[in-house]
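Read the structure below first, then the notes.
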Amino acid sequence: MLYNRPLPGNGGLDVTFEQYQYGTGDAGADGIGFFLVDGSVDLTKAGANGGSLGYAQRNLEPGVDGGYLGVGLDAYGNFANDAELRGNGCPDGQKSPVTSGLPVPDTVTLRGPGQGDDGYCFLDSTIEADDTQASGFRSTLPGSLREKGTDPLPAKRTVHITVSPDTRPTVAVEIDFNDGAGFQPVLSTQMTADAPPTYKFGFSGSTGGSIDTHLIRALEASSVDELDQLNLVKTVAPPDNAATEPFEVGDTVHYQFLVTNTGTSELTDVHVEDPSVTDVTCPSTTLGPMGSATSSMVCEGTHVLTEADVVDDTFTNTATAQGTAGDNDVTSNESSASVPVEQLDQVLDISKTAEPTGAEPGDTVTYTVTATNSGETTLSPAHLTDDLSGVLDDASLTAGPTATTGTAQVTGDTLDWSGELAPGASATITYTVTVDDPDEGDAVLRNSVTSDTPGARCTTEGAPELPCTTEVPVTNPSPSPSPSPTDDCPTPSPSPTDSTSPSPKPTHTHSHGPGPSWTPGPHPTHDGGHHGGGGGHGGGGGMADTGSAATGAGIAAVLLLLAGIVTVRMKSRPRGRH
């Protein structure tokens, strides 16, 4: 039995059903398989029969297409071993511990993802080692999966399987053995691979050399978590051929959109909105209430990859669905899908210079920032910012910014530039600042350029990592030195010291003018007649009085003059020696 209609996986899956296995034989005749596959595949046939229970491969017979999880309710017991090439290509950690190839009856076994004749690896089973058994193992189930006889009623077993909504789900199995004990947990294990976005499921009753009767009834399926009233799951349709993975620029990606009404009323005007997929088509604009045959539908659309889509190794886009319930608008959850792409190199080389590299107050400094697209794809836009806070504390912006392409502007302390650059194209941004006079900042013009464009890097020598930084020191000129002493400011004679030598006296010359003439000096000379009594040059007494007065006045004048010189020199050179 194949349910070829996708179910949303974003809320997990909760499945309950009754199963009946019975017959006249002692060992049973294989068992019942329940399996989940990727909801994007066309589920038209089961996997191999016999011990593979319609899920896994068997010898050269392939397993189910797009297999994700196989649950073997295995009365005979071959689903637990890797005989008949089950688990072909599986790593050592995912091979069955049952190496004998013999069956382990009455077991529940989980197998993981597979395709064709590869995979479907052993995950877990209700078995434990037992050397008394031919296979080396026995079942740990608290009851039997089948009844011997022809009456179906004693063979009733109710199975409950949950698959959590995690990226790698936990699968739990519990069984009511119809013995009054209710549901008993038998297995719980985490999947080794990510879950598909949507599921399809199937059942298979498998027999071998013996024959049992296998029945399924009272099947119920729901999500583990409650879903939005309008639920959306976006998926990538399988590629037409393997050559399209990874996708390249110009390739077309096909998308499917599973839209499900989980409410109890009809939804109208249902449609999907996806900015990257403009040709979405749906089979209907109406969804019936939950549980009805029209409660879900699959819409389709395509997108042609552009250069902007392949800057990373995956391309991801997001969609929502819209609908109307009566007078109320209903919006679904967001749903995204990703595809691997052949990544194009995206490189933005940034360099920065300052000219000159040193300045004084009043000087101008011109900055040049160059952004070059050195990659394989157009940058639309490329973007960079320049932090000017460390410049404008010492200077003012007096010219610019200007850009050869794109737009540059300064807001507050930040220069912002953006523009489109084709491969090989460049943009040059320039601006000029004038250093404050006086400079009251930290005496360094310091700024940095960075970018949020993927692939941006600094190409300034010695700084391959962003940010690109420049520093221009500001030098304040030293004050002019004080003038040195000159000859017109003579050095005074040393202060007199105690000496037994007589104090020097001025030399006198006879003159007929109004007053005496004298010349001070360290070594005075004396004219004859100074000590004479009356000589031909006048009375000694009168000249002696006059000479004494002149001598006193002359010494006083010299001392005053010296005092004035000392005072002036001390003001001009406070720490000089005089």
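Extents of the range 230-340, largest first, come to 44, 24, 18 Å (Cα atoms, principal axes, whole angstrom). The packing ranking, built from the mean of other Cβ atoms within 10 Å per residue, places the peptides 356-369, 61-74, 11-24 in the order 61-74, 11-24, 356-369, highest first. Partner aspartates and glutamates whose Cα lies under 14 Å from the Cα of LYS234, excluding those fewer than 8 positions away in the same chain, are identified as ASP38, GLU273, ASP274, GLU300, GLU334.
Based on other C-beta atoms within 10 Å, arrange LYS352, LYS156 from fewest to most.
Neighbour counts put them in this order, fewest first: LYS156, LYS352.
Length available on full extension from THR192 to MET290: 0.36 nm per residue minus the Cα-Cα distance, which gives 32.1 nm. Peptides 176-185, 412-421, 435-444, 382-391 ranked from most to least packed by the mean count of surrounding Cβ atoms within 10 Å: 382-391, 412-421, 435-444, 176-185.
Extension gain for ASP442 to LEU102 (0.36 nm times residue separation, less C-alpha to C-alpha distance): 114.0 nm.
Computed FRET efficiency, Cβ-Cβ of GLU61 and GLU376, R0 45 Å: what is it to the nearest 0.05? My answer for the efficiency is 0.45.
Beyond 22 Å, what share of the Cα-Cα pairs of the range 348-473 remains, rounded to the nearest whole percent?
32 percent
Throughout, read-outs are computed from the coordinates displayed, never taken from laboratory work. These numbers were taken from a predicted model, which means no experiment stands behind them. Counting neighbours? That spans all protein chains shown, and the Cβs are built from the backbone with ideal geometry, glycine included.
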